[in-house]
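The next block holds one structure in the form of structure tokens; read it before the comments.
The values are calculated or read from the model by the stated rules, or taken from the named source; none is laboratory data. None of the values given here were measured: they were computed from a predicted structure. Here the Cβ positions follow ideal geometry from the backbone for every residue, glycine too, while neighbour counts run over all protein chains shown. We work out accessible area using only protein heavy atoms, side chains counted, and drop any ligands, DNA or RNA first. Shrake-Rupley method; radii C 1.70, N 1.55, O 1.52, S 1.80 Å.
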Amino acid sequence: QKQGYDWFMRKEIFEQPKAVADTLLGRLNERCELVLDELRISPETLRRINKIVIIASGTSFYSGLVAKYAIEHWTRIPCEVELASEFRYRDPIIDPMTLVVTISQSGETADTLMAIRHAREQHAKVIAICNTNGATIPRESDAVIYTHAGPEIGVASTKGFTTQLIACYLLGLYLAQVRGMKYGDEIDALLRELERMPAAIQHMLDQQQQVLDLAREFVDSPSVLFLGRHVGYPVALEGALKLKELAYIHAEGFAAGELKHGPIALINDGLPVFVVVPPRGRDQLRDKVISNISEVRARGAKTIVLGEADDAEARAASEVYIELPKVSTLLQPLVSIIPLQLFACELATVKGHDVDQPRNLAKSVTVE
Ligand code: F6R
């Protein structure tokens, strides 16, 4: 039931504060330590892992890209992310010391299932991050971390994505904890910050009007670009995917640093370009992204910038500024993705498309 919303997708976008809170529930004890009892892979085994390979498709692949930045930073274990549909066809190097993490909202995606079967044949340990109890992928994995988003009915994944991010952060922090990484305060602070994320997401949802107006303004744009760096890069990719699948317009996400290596040639007068600016504290990266805003603006792009509320330089460089609350760099995707989801949902609505059932797409893709 849509409970007064026009689309399941919009309802699910607004359910994200609760979905994220539910996914965190019971996983932190009163000493702010992670409890992932469901992992069923012993700490000894997890201490021996020397490589992590994340395998997923579509939006779940993008949450895996964010996870790579977080997991490598916190655990110092090399981490690769691969599209499930590519994985087993390239004879990947995996062995019993490899931890495979598979991410799937439905738990039934055929490409992902085939990839983990292949990984298990090579005796890798497989942890599934999944939203569907008892689905095939978690059943065929060694362990599962469920996201507690509740059923996702809109074909475009929204609360699936943000809760996958939470599960990935929890896994990364748990691995750091069992492997005795000495970040003491940093990990504690992050765990506490995770608990504040439902409120931060709610804050973004409360500002929706600005994004809805933007969607109306750009309804006739033939193309939209998204730029980001570091964890903002997967957010750019996910923002573009949402727009393609719902609004059926050309949209692309780029790593902002790649702009000068080609994509800048696409910029023309009036082209909407979303840019995700990293939080302050990542100043080297942030400065470069702010220069990118000026570069595309000088070539006529209409820049819509997502940055911290008190980042005066990012604001000054942009035409439209969407304020983000102050959060750690690695957690920023949880808030920066919200306006991009709302933008795609609204633009498709204004165009008169069926947002919950976009053409040519199915909720779970059970053929390779
Ligand atoms: C995009 C979307 C798809 C899925 C992909 C993987 O909005 O929903 O890209 O993310 O088909 O699906 P799961 O996560 O069920 O394996």
Legend entry - Inter-residue pairs, beta-carbon under 6 Å, first of a type outside the set (Phe, Trp, Tyr) and in segment 242-265, second open to solvent by less than 40 Å² (accessible area, probe 1.4 Å) and modelled with pLDDT under 95, 6+ apart: Glu245/Pro358; Leu246/Val355; Leu246/Pro358
Inset, instruction - Output the residues belonging to segment 106-144 that are of a type in the set (S, T, N, Q) and either in contact (Cβ under 8 Å) with a residue 60 or more places away in the chain or away from the ligand (no atom under 15 Å from the Cβ) (or both). - result: Ser106, Thr109, Gln122
Legend entry - Only listed residue being over 18 Å from Glu38 (Cβ atoms), of a type in the set (Ser, Thr, Tyr) and touching a strand residue (DSSP E or B) at 6+ places or on another chain (Cβ under 7 Å), chosen from Ser106, Ser141, Ser85, Ser63: Ser63
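Quick check on my filter: what residues within segment 75-87 are polar (S, T, N, Q) and either within 13 Å of the ligand (Cβ to nearest atom) or open to solvent by 50 Å² or more (accessible area, probe 1.4 Å) (or both)?
Of the residues in segment 75-87, the ones polar (S, T, N, Q) are 75, 85.
The answer is Ser85, and nothing else.
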Legend entry - Listing of helices (runs of 4 or more DSSP H) fully contained in segment 221-329 that carry 3 or more residues being in contact with a Lys or Arg (Cβ under 7 Å, 6 or more places away or on another chain): 283-298
Legend entry - Lone unmet requirement of (1) assigned to a loop (DSSP other than H, G, I, E, B); (2) in contact with a His (Cβ under 6 Å, 6 or more places away or on another chain) for Ile94: (2)
Legend entry - segment 47-74: number of residues that are within 16 Å of the ligand (Cβ to nearest atom) and in a helix (DSSP H, G or I): 10
Legend entry - segment 166-208, residues that are outside any helix (DSSP H, G or I) and open to solvent by 50 Å² or more (accessible area, probe 1.4 Å): Arg179, Met181, Lys182, Tyr183, Gln207
Legend entry - Residues of segment 334-362 satisfying the condition of being open to solvent by less than 10 Å² (accessible area, probe 1.4 Å), among the hydrophobic types (A, V, I, L, M, F, W, C) and modelled with pLDDT of 95 or more: Leu334, Val335, Ile337, Ile338, Leu340, Leu342, Phe343, Ala344, Cys345, Leu347, Ala348
Legend entry - Options Glu15, Glu44: the member that is within 16 Å of the ligand (Cβ to nearest atom) and acidic (Asp, Glu): Glu15
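So, in segment 88-105, exactly how many residues are open to solvent by 30 Å² or more (accessible area, probe 1.4 Å), in contact (Cβ under 8 Å) with a residue 12 or more places away in the chain and away from the ligand (no atom under 16 Å from the Cβ)?
Quick first cut of segment 88-105, residues open to solvent by 30 Å² or more (accessible area, probe 1.4 Å) only: 88-91, 93, 95-97.
When the remaining residues are screened for being in contact (Cβ under 8 Å) with a residue 12 or more places away in the chain, the result is 88, 95-97.
Adding the requirement that they be away from the ligand (no atom under 16 Å from the Cβ) leaves 95-97.
Qualifying residue count, segment 88-105: 3.
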